[in-house]
C-alpha cells in the first residue's frame, strides 16, 4: 500500500494503547504518531472514547484525560456519518455498530478490534476486521 492505511480502532484498543503505555499494543500509538496508519473517528466514536476515559476505575482527572485525548485525536481524520448511516451487518452489541458504520463511511482499509462481536463479522464489510496484534504484524517490514 503506497499510502498509510486508513483504520478504525475500537474504543477498547485506543483506551488500552493510551492508558497502558507499556502494554501489548503500545506500538499502535507509535504507528498512528508516525503515520504508519491514519485512524478515523466519528462524532459517536470520539464521544465514546471521552466518556470511557472518565470512568472512575481509570482514576484520570480532567487534565490527564485531555492529555490522553491529545495523544490520539489530532492524529485522526474525522468522518461524517450520513443520516441514514451506511448499511452494515447487524452486530450483537449495538454499541459496536458505530465502528462498522465508520469503517464503511470512511472507506477504511481495516477495522482493528479486540471485540469478539466485531471480529466475528470479518468478511461482511468491504475491509478486514482484525485484531490489534494482527494489524501490528502487517506493519512489520
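Things to note:
- Among the numbered conditions (1) farther than 18 Å from residue 17 by Cβ; (2) touching a strand residue (DSSP E or B) at 6+ places or on another chain (Cβ under 6 Å); (3) surrounded by 16 or more Cβ atoms within 10 Å (Cβ to Cβ), the only one that residue 122 does not meet is (3).
- Tally of residues being part of a loop (DSSP other than H, G, I, E, B), touching a residue at least 60 places away in the same chain (Cβ under 8 Å) and more than 17 Å from residue 137 (Cα to Cα) across region 10-47: 2
- When residues of region 107-141 are limited to those that are in contact (Cβ under 8 Å) with a residue 60 or more places away in the chain, touching a helix residue (DSSP H, G or I) at 6+ places or on another chain (Cβ under 8 Å) and in a loop (DSSP other than H, G, I, E, B), the one nearest to residue 35 (Cα to Cα): 108
- All conditions but one from (1) touching a residue at least 24 places away in the same chain (Cβ under 8 Å); (2) surrounded by 13 or more Cβ atoms within 10 Å (Cβ to Cβ); (3) in contact with a strand residue (DSSP E or B) (Cβ under 9 Å, 6 or more places away or on another chain); (4) part of a loop (DSSP other than H, G, I, E, B) apply to residue 99; the one that does not is (4).
- Any chance residue 44 is surrounded by 14 or more Cβ atoms within 10 Å (Cβ to Cβ), at pLDDT 95 or above and over 21 Å from residue 18 (Cβ atoms): no
- One residue stands out in region 80-96 among those that are surrounded by 10 or more Cβ atoms within 10 Å (Cβ to Cβ) and part of a helix (DSSP H, G or I): the one that is farthest from the chain's Cα centre (by Cα), namely 95.
- Looking across region 21-41, the residues that are closer than 16 Å to residue 69 by Cβ and surrounded by fewer than 19 Cβ atoms within 10 Å (Cβ to Cβ) come down to 21, 29, 33.
The values are calculated or read from the model by the stated rules, or taken from the named source; none is laboratory data. Keep in mind it's a predicted model, so treat the numbers as computed, not measured. Counting neighbours? That spans all protein chains shown, and the Cβs are built from the backbone with ideal geometry, glycine included.
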